[in-house]
Each structure stands twice: as structure tokens, then as C-alpha cells.
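This report concerns only the one structure given below.
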């Protein structure tokens, strides 16, 4: 097996993963998809590290990939906690909501036209209630209200 | 690899063409509002990847040796045809599902495609002989990290497709940036892999580790006792790195708990305006 060719192929696949992740990180607006793309860039680097380790015939590349795995797990934990906090502030995962963190003297980004949803929300039919509604006892009302909030 | 003499100039434009085709397809595939270019984008991405495979894996080379341009086809280079087929299938799985991860509208689908990318990367690790990393990638990434992502997605996803999943920031510029990145990397690689134009009779300094004696990988990375050798290396030479990684995990745990448990709420403008972002 041609070891040099193997190294070349793996480095190209790693570069492709890194580039695709870069495009996604730059282009997508959903914060979770951005983090997925960052993880994909890490995967590209891991691939090339393992390939170099095999080419040089030692385990250092694999050890470095283990460290990358650890760092990725830490990054996912803190990043998802942050994303949850940001989501609780705006009820959306849109990174454009946080553009007030941009540099000074930069114009604000405003969506010019919002594209129409390809899958619009379905309108479900409503049944008209029939008969007479029986009066509820106060305890029953309390229980129903409690259930609604649970 | 070509055994070229002095004066052979290898053309780099096919690599640039492949990456540009790939990036144009990626631009068409990225969510850009209502406009769709799915089929054209898929075709362009497939064409770019096929050209890249021909150039890198099958060693197709265009070169100029003297006045007239020539081309040469080296054939599959990894070894037997089975090794080539397995590698190509794994690489196609990885890169194809990576493209799907970036371009799908629904973030849940993105996460599922990313799981498939991780499986492909795990397979590629196995192909290199690093079995522990292949298993660890699947277990840690696909099993833990990705499920956490999906968990948050299910918590936070609004009904239907949100508008910010159907538009991209500057899709064309982003795809071009990725093309420049991949193009520069692959061109530098292919130049490093080509024979250099040194005078005849000299040792070729074109590549980093071109030793005369064969390397015995069966005693090194391809050791049958793979996990034992990796663990021995891990806990002797790289002991401090392991300790630091463990400390980092603890710090990240404490940090995540601290972030989530802080109950202070900001009044963000986007919430009161009712859905539209204004800086």
C-alpha cells in the first residue's frame, strides 16, 4: 500500500471536511447548526492528525485526537448551556438576534424579505361542541387548571 | 506519483476547477430563501467531487514537459482494488453527508446527517488502523455529544421551519471562502507530493519523511495490541495532557452548570418587537 498516497488522500478528505464546516459556520444562522459545523471542522483536523500519526509511525497523532475529543465534549457542554440561555432570552435560535454585539460603526442587519414557508402550518378542523356543559365543582376546576400548567 | 525529470511543470488548474465546481454546487444547495437550485447544486457538487477523486485518488495529472501540454493517468494508488473501494466508499459517505449537514433546512435533519458523517469518520479511523479512535468517535460524538445537540434542538425548536433556517448569510461569499480554503490546501498538498525540480542525482528534498529504509508499521501504529500500546503511550509520555484534559472536563461541567443556573433575565429587544431582528 502506498503510504504517501494514503496520507495524501486522507489530508484531502480532512481539508474537504474542514472547508465544508467552514462554509456552514459562515453561512448558517441557526446557532445549533453553527456548532455542528464547528464540530465538523474539528473532525477534519482529527482525520489529518491520525493520517500524519500513521505516516510517521507513532501514536502522538492519536493522542492529540483524544485530547480533541475531550475539548469537543467540553465545548459542546458549555456551548449548549449558552445556546439554551440565549434561547430563553429571545425564544429563537437565530444568531442575528445577537447582532448588537457587532463592532461599533457597523450598520445593523435587517432581513429585507422573509421567504415564504414551504410547509405552512396546517389548519386543523374544529368540532363544534354538542350538548350542554355540566357545571364543574370548584375542586375539579382547580385540578384542571393545575393539570394545564403541569 | 510521476517520476518526472527536470523542467516538468504540473498544472494546478484542474484542482482549482474541481474546488470551484464544488463551491458553486454548495452555494446552490445552501438555503437561500425560496430560490431552489437543488438538482443543479447536487450535480455540481458531484462533478467537483468526482474530478477531485480523479485528480487525487487516481493520480490524473496534467503537466507541461516542453512545448505541448500532456496528461497522465496513474490508476488507483492505494493498493489492491478492495482497499480502494473501501476507502472511496467511506470518503464518499463522509463528504456527502457533510454536504447534507450544511445544506439541509431542518436542524434536526442536519444533526442526523452529522451523525452519518461521524460514522464515516469513525470508519476512516478504522481504515487507518486506529481502532480505539474509531470506536471512541462513534461512542463519544454520535452517542453523547450529538444526542445532547438533539436534546437541545427538541427543547428549542419552534413549530415548522423557522425563517432563519431558510436563509443564509452571504451564501455565495461563504462558499467562495470555503473553495479558497480547500483549493489552497489541496494545491499545496499536490505540489508537495510532486517530484521537485532539483538536479539529477541529488536526494529529493521534496517531502518530509522520505527515508530509504522501510518503516516497520506492524511494530508501531499497526501493532496487534493496539489499545495496549496506545494506552501505554497515553499514560507515560502524555500523562500531563491527560491530567489537563480531565481538569478541563471538570471546569466545563462547572461552567455549564453556572451558565444554566444563573436566573438573571435580560429584556432583549427582539422579544418585544415580535419576531424581527433590529440591531
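Give me a count of the residues in the stretch A:56-93 that are out of contact with any strand residue (DSSP E or B) (no Cβ under 7 Å at 6 or more places or on another chain) and in contact (Cβ under 8 Å) with a residue 60 or more places away in the chain.
Residues in the stretch A:56-93 being out of contact with any strand residue (DSSP E or B) (no Cβ under 7 Å at 6 or more places or on another chain) and in contact (Cβ under 8 Å) with a residue 60 or more places away in the chain: 0 in total.
Take the stretch A:52-93 and flag every residue that is within 7 Å of another protein chain (Cβ to nearest Cβ), in contact with a helix residue (DSSP H, G or I) (Cβ under 6 Å, 6 or more places away or on another chain) and more than 30 Å from residue B:167 (Cα to Cα).
Listed by number, the residues that qualify are A:53, A:55, A:57, A:59, A:62, A:63, A:65, A:67, A:69, A:70.
Please report, ordered by residue number, the helices (runs of 4 or more DSSP H) entirely within the stretch B:168-279 with at least 1 residues that are within 7 Å of chain A (Cβ to nearest Cβ) and at pLDDT 60 or above.
It comes to B:171-193, B:226-234, B:239-261.
Consider residue A:96 carefully, then state whether it is touching a helix residue (DSSP H, G or I) at 6+ places or on another chain (Cβ under 8 Å), more than 7 Å from chain B (Cβ to nearest Cβ), under 25 Å from residue B:169 (Cα atoms) and at pLDDT 85 or above.
Taking the combined requirement at face value, the residue does not satisfy it.
Does any residue in the stretch B:179-207 that is farther than 30 Å from residue A:23 by Cα come within less than 8 Å, Cβ to Cβ, of a residue that is modelled with pLDDT of 65 or more six or more places away or on a different chain, and which pairs are these?
Listed pairs, sorted by first residue: B:206/B:192; B:206/B:194; B:207/A:4; B:207/B:192; B:207/B:193.
Among the numbered conditions (1) farther than 15 Å from residue A:13 by Cβ; (2) crowded, with 18+ Cβ neighbours inside 10 Å, tell me where residue B:62 comes up short.
Residue B:62 satisfies all of (1) farther than 15 Å from residue A:13 by Cβ; (2) crowded, with 18+ Cβ neighbours inside 10 Å except (2).
On the basis of being more than 7 Å from chain B (Cβ to nearest Cβ), in contact (Cβ under 8 Å) with a residue 24 or more places away in the chain and over 15 Å from the mean Cα position of the chain (by Cα), does residue A:13 make the cut?
no
Right, residue B:79: closer than 30 Å to residue A:2 by Cβ, within 8 Å of chain A (Cβ to nearest Cβ) and in a loop (DSSP other than H, G, I, E, B) or not?
Judged against the criteria, residue B:79 is a match.
In the set B:100, B:110, which member is in a helix (DSSP H, G or I) and more than 9 Å from chain A (Cβ to nearest Cβ)?
B:100
Applying the selection to the stretch B:113-129, what residues are under 30 Å from residue B:221 (Cβ atoms) and either more than 8 Å from every other protein chain (Cβ to nearest Cβ) or out of contact with any helix residue (DSSP H, G or I) (no Cβ under 8 Å at 6 or more places or on another chain) (or both)?
B:115, B:116, B:119, B:120, B:122, B:123, B:126, B:127
Which residue out of A:36, A:82 is more than 19 Å from residue A:8 (Cα to Cα) and crowded, with 22+ Cβ neighbours inside 10 Å?
Checking each option against the conditions leaves just A:36.
The values are calculated or read from the model by the stated rules, or taken from the named source; none is laboratory data. The model shown is predicted, which means the values in this text are computed figures rather than measured ones. When we count neighbours, we look across all protein chains shown, and the Cβ atoms used for this are built from the backbone with ideal geometry, even at glycine.
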